[in-house]
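Chemist: Let me begin by handing over the structure; questions about it come next.
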Amino acid sequence: MLREALAQRSRNAKAAREIKEGKDLKKILPDSIEGDRELQLDSRWWLEKFLDKHNLSFVQGVILIYALTEVPRLSFLLLMLGRTPESFVTPFISAFLGDMFIPFSLLFVHSIYKSLVKLKKHTNETLRRDGFVAPSVRITENELASPDSLIELDKEYRDRYIKPVIFRTFQKGLDLSFNKNYMLGSGISGASLFFLLMFFRFVLKVLPETFYVIGEPGIPEIIVPYTVWSFSLMAFNWFIIGMVTWTLFVTFLISIQASGNTIRMRPFESIKEYFAPPTTLILKTSFTLTFLTAWLSPLFLIWSVLPADPMLRQGALVRVESILVIMIPVIILSFLMPMLKIHNGMTESRKRVLVLKKYQLDDLKRKHKSYTDRHFKIQAHLIQDYKDIQSKPVWLLNLPQMLELTGAVLLPIATFLISAII
């Protein structure tokens, strides 16, 4: 399914380029989809349904998952109190905070699912009202001169491009993003990668000692069960990371696919309203990545202020540094690429209406050499419409919002640098 979706995505990108070049739609996309159809997506994802079967709300369920992961930690803590070095107890207790990564990850992913449901509903509504239209590059003098020809062009564009993209690619994205088998498979892949790295670290010893350090509780009789539990808990964390990574990756592709279309709009309407659902999805995806990346930095800051084992601290330093180097560019791209697509969609939507209004003004001048009061009123109305449309912004976020997002991206870097210096 994933291979088919990516192949279709590639075909769509090629078709979009050819459409902009002005090639005949029938030659670019011979297969059309006519009639009324709708995107399908259940209002609840499989984990939510599973918890509901056990009479648990989603919030209650993720709290229970967190509590179950912390029961062994609490048991070890009771055994170690007063019998283990303070330098070990500090990071051990602070990990109660670190393990909240698990419930927060699930809550953020749940929020993304709800945004997908809203985006599905918004897309279906736009299809029903014929809101997707051909960009201005497709409109010739013939379409401008005849309203019926323009309607026919828009219909052909929807049937040959928009609907195939939505029902062959967008729908596959919705199916894949929260697919149970793919999510669990990605989770297992994440846990397997962790065990592979641990094999390289502790068995083959090809990775540095600071790559991963297991704290020494100082109590011989619990070393083995503590080590097994530590590896199991970290594997579960990597399992969650694998699941979340899969969903965020597919959601990122969906946000790009849903963002750049030309929308029919009237002069008095706001362009932003039509692009609000995909924008919400983009922001939630990027914020989830930012939050999960930033989660480790404050935890590391605690370890820096309070006494901790030097090897544990050095291992945490290496891991956090590696994560930041990888994730900061990913966070920026996860936001920038879809937002550029939305900018393109807003620009094309505005440009199309301006082309139509300009033609109406020019047509009025051609047909009426001498204006009456009625014609002057029509001209003034068209000019005002043109000015209103031209004044509409084609960027969704203003400068203060952009600064807030920039600050959110820089936050994990700032906390990491502070903790590294202390």
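The values are calculated or read from the model by the stated rules, or taken from the named source; none is laboratory data. Quantities reported herein were computed from a predicted structural model and do not represent experimental measurements. Virtual Cβ from ideal backbone geometry, glycine too; neighbours counted across all protein chains shown.
Chemist: Mind listing just one residue for me: the one in region 345-402 that is assigned to a helix (DSSP H, G or I) and among the small types (G, A, S) and, of those, surrounded by the most Cβ atoms within 10 Å (Cβ to Cβ)?
Modeler: S349
Chemist: Let me spell it out: the conditions are (1) in contact with a Pro (Cβ under 9 Å, 6 or more places away or on another chain); (2) among the hydrophobic types (A, V, I, L, M, F, W, C); (3) assigned to a loop (DSSP other than H, G, I, E, B), and L41 meets all of them except one. Which number is the exception?
Modeler: For L41, the exception is condition (1).
Chemist: Sort out which residues of region 202-228 are of a type in the set (V, I, T) and surrounded by 13 or more Cβ atoms within 10 Å (Cβ to Cβ), and write them in order of number.
Modeler: Once the filter is applied, which keeps residues that are of a type in the set (V, I, T) and surrounded by 13 or more Cβ atoms within 10 Å (Cβ to Cβ), region 202-228 yields T210, V213, I214, I219, I222, I223, T227.
Chemist: Same structure, new question: Which of the residues that make up region 56-99 are of a type outside the set (S, T, N, Q), under 26 Å from L292 (Cα atoms) and not in a helix (DSSP H, G or I)?
Modeler: If the condition is that a residue be of a type outside the set (S, T, N, Q), under 26 Å from L292 (Cα atoms) and not in a helix (DSSP H, G or I), then L56, D99 are the ones that fit.
Chemist: Considering only residues that are closer than 24 Å to I254 by Cβ and either at pLDDT below 80 or exposed (fewer than 10 other Cβ atoms within 10 Å of the Cβ) (or both), which ones fall in region 18-56?
Modeler: If the condition is that a residue be closer than 24 Å to I254 by Cβ and either at pLDDT below 80 or exposed (fewer than 10 other Cβ atoms within 10 Å of the Cβ) (or both), then E18, I19, K20, I28, L29, D31, G35, D36 are the ones that fit.
Chemist: Are there any pairs, at least 6 apart or on different chains, whose C-beta atoms fall under 8 Å, with the first in region 124-150 and under 19 Å from Q171 (Cβ atoms) and the second loosely packed, with under 12 Cβ neighbours inside 10 Å, and if so, which?
Modeler: L127/D36; R128/D36
Chemist: If you check T169 against the conditions, is it surrounded by 20 or more Cβ atoms within 10 Å (Cβ to Cβ), modelled with pLDDT under 90 and among the hydroxyl-bearing types (S, T, Y)?
Modeler: The answer is yes for T169.
Chemist: So which helices (runs of 4 or more DSSP H) are wholly in region 206-312 and hold at least 3 residues that are modelled with pLDDT of 80 or more and farther than 23 Å from S349 by Cβ?
Modeler: The helices (runs of 4 or more DSSP H) meeting that bar are 223-257, 276-294.
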